[in-house]
1. Take residue 59 and residue 491, extend 7 Å from each Cα along the Cα→Cβ direction, and tell me the distance between the two endpoints in nm.
2. Kindly provide the helix-only [θ] at 222 nm of the chain, computed as the sum of -39,500 (n - 2.57) over DSSP H runs of four or more divided by all residues, to the nearest 500 deg cm²/dmol?
3. Report the label-to-label distance for residue 427 and residue 182 in nanometres (one decimal), using points 7 Å from each Cα along the Cα→Cβ vector.
4. Which FRET efficiency, nearest 0.05, do residue 215 and residue 34 yield, Cβ-Cβ r, R0 35 Å?
5. Counting other C-beta atoms within 10 Å, which of 372, 441 has the fewest, and how do the rest follow?
6. Are there any helices in the chain, counted as whole DSSP H runs, that stretch 20 Å or more along their axis by Cα and score at least -1.0 on average by Kyte-Doolittle, and if so which?
7. Which whole-Hz couplings ³J(HN,Hα) result when phi for each residue of the stretch 363-378 is put into the Karplus expression 6.51 cos²θ - 1.76 cosθ + 1.60, θ = phi - 60°, listed in order with x for Gly and Pro?
8. Can you give the FRET efficiency for residue 350 and residue 257, using 1/(1 + (r/R0)^6), R0 = 45 Å, r = Cβ-Cβ distance, to the nearest 0.05?
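Every read-out reported here was derived from the displayed coordinates using simple, explicitly stated rules and does not represent laboratory data. These numbers come from a predicted model, not from an experiment. So basically every Cβ, Gly included, is an ideal-geometry build from the backbone, and we count neighbours across all protein chains shown.
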Amino acid sequence: MNQSQRTRRFLTHVSLGISATAVLPGFAHAAEQKVERPNVIIILADDLGYGDVGCYNDESLIPTPNLDQLARQGICLTDAHTPAAVCSPTRYGLLTGRYAWRSSLKYMVLWPWESPLIEEGRLTLASMLGQQGYHTACFGKWHLGWTWRNTQGEVVDGGVPTGATHKDQWLSTGAQVDFTQQLGGGPLGAGFEDYFGDDVPNFPPYAFIENDRCINMPSLPQKDARLHGLDGPMTPGWDQTAVQPLTAQRALRYLEERAATPDQPFFLYLSLTIPHSPIAPSAHYLGKSQAGRYGDLVNEVDWIVGEVSRALDRLGLAENTLLIFTSDNGSTAKDGETDDLNGKPMSVRARFGHDSNRPWRGRKGDIYEGGHRVPFIARWPGHINPETTSDETICLTDMMATFAAITGYELPHEAGEDSYNILPALLGETHEGTLRQATVHHSGNGVFAIRQGNWKLILGRGADMDYGTTLAPGEPGQLYDMQSDPGEQYNQYEQRPELVKQLSDLLDQYKQTGRSRP
């Protein structure tokens with residue numbers, strides 16, 4: 001049986017036997033850890049589901065040969081989670097090692113023209129690695145806010161609470177922005193040296209940004225329904241199908257540049273804009289899957305991963321590069337572009353029989369597993385054993401403590417507050433219990449859940465059917481045994497009050513102390 005078959009069998013049976021033993025406080029900073037300085041690449045897909053990738057789902061209708069090969073070359077983690085079930089808070093958590101609900105963003109995402117979410121002076125993956133001599137670059141989607149200015153150079157923003165939905169404010173604020181002005185915040189404000197991207201694929205401005213400048217002027221109002229985006233300024237001739245290929249080309253050019261200076265390690269954060277809506281695959285990928293245009297767009301994600309992997313081989317960089325692929329949340333599971341533009345998008349499952357979040361309940365935004373359990377594949381030749389899997393529970397906030405452990409960097413107390421070192425899991429080292437004491441989940445509308453060992457407690461009622469969870473009348477919460485009930489079907493909240501209290505108290509402790517990392 002090959003690795004792909006073993007992984008699929010494992011996932012089909014959903015063997016989630018994870019000990020509830022808490023990690024010892026000092027374990028995350030093992031003194032004997034050898035210091036390395038590998039290149040680091042994170043490829044973050046946008047709205048790609050656990051069931052979209054072949055090595056995670058033997059019923060996937062989407063060809064993902066490059067991701068499947070990457071899995072054979074390294075490790076697949078089957079219990080990896082985003083810190084939130086939607087975009088901006090996950091990206092904040094990934095780059096800072098801190099849950100975004102500790103920031104000013106308490107629910108949903110940043111809307112157009114909002115100010116930077118990452119606090120000034122906060123340590124990020126880029127600034128941490130930059131302090132150690134790494135060159136750092138970000139390409140693609142940012143969605144963590146900028147400082148926008150008007151013609152007088154004054155800062156403009158929506159003037160509403162972070163994450164609040166006020167369409168009139170978006171429109172009036174966008175009309176004030178002078179796109180010739182230098183931008184503040186953004187990737188450069190978070191420690192990156194280079195940036196190129198379009199910020200958010202379905203939000204204005206529909207324009208490319210390089211470092212701290214718009215490089216083409218969004219001078220037209222966006223009124224093209226095919227974009228399925230929010231109204232706002234758009235660059236003349238804006239072609240959504242060309243956005244991701246151009247961004248990928250810039251990332252590949254960056255690898256060429258770094259190969260010319262092999263003595264300096266680099267950190268590349270390649271933040272894809274796909275398969276997020278608008279569902280706009282490039283012409284070359286149309287018809288490549290059996291899951292409609294959404295499936296074709298996932299196939300385009302796979303092509304980009306293959307291009308990066310092949311470039312690393314060609315440039316002699318692969319052996320000293322830790323390459324990670326994951327997603328920012330679960331899939332929306334919608335294939336809107338194949339339907340009437342004026343109609344409600346159908347799900348990919350209903351239309352084609354492809355389950356983007358298989359085998360989990362829920363989808364993007366939900367507190368259920370489909371909202372935040374994602375693929376996580378890592379390759380590091382000579383360190384990570386090929387053809388391996390791990391059922392260790394991890395969170396994307398863990399990248400900060402893990403990279404710190406690899407490079408021998410001592411995290412300050414006030415940084416990476418929710419980040420654990422998961423390097424032992426990646427390297428296949430044996431250890432007692434779980435590496436994380438517990439993991440906090442957060443839905444799109446602010447519903448909390450906490451997972452410790454096999455048990456997952458969901459607190460609160462979701463106010464939005466699309467971005468939360470629903471409870472039966474009189475039902476105060478939900479408690480699931482993720483080992484015996486991975487589909488979250490049998491609520492044991494009333495039957496186990498002592499466990500509910502234990503997990504509730506731990507969540508309260510995390511909130512009050514401002515950290516979950518010992």
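1. So the two model labels end up 2.6 nm from each other.
2. So the helix-based figure for the chain works out to -7500 deg cm²/dmol.
3. Modelled inter-label distance: 4.3 nm.
4. E between residue 215 and residue 34, to the nearest 0.05, is 0.25.
5. Values: 372 33, 441 26.
Ranking 372, 441 by Cβ neighbours within 10 Å, fewest first, gives 441, 372.
6. Sorted by number, the helices that extend far enough and score high enough are 240-259, 292-314, 497-513.
7. 8, 2, x, 7, 7, 5, 4, x, x, 9, 8, 9, x, 8, 10, 9
8. Efficiency, from the Cβ-Cβ distance: 0.50.
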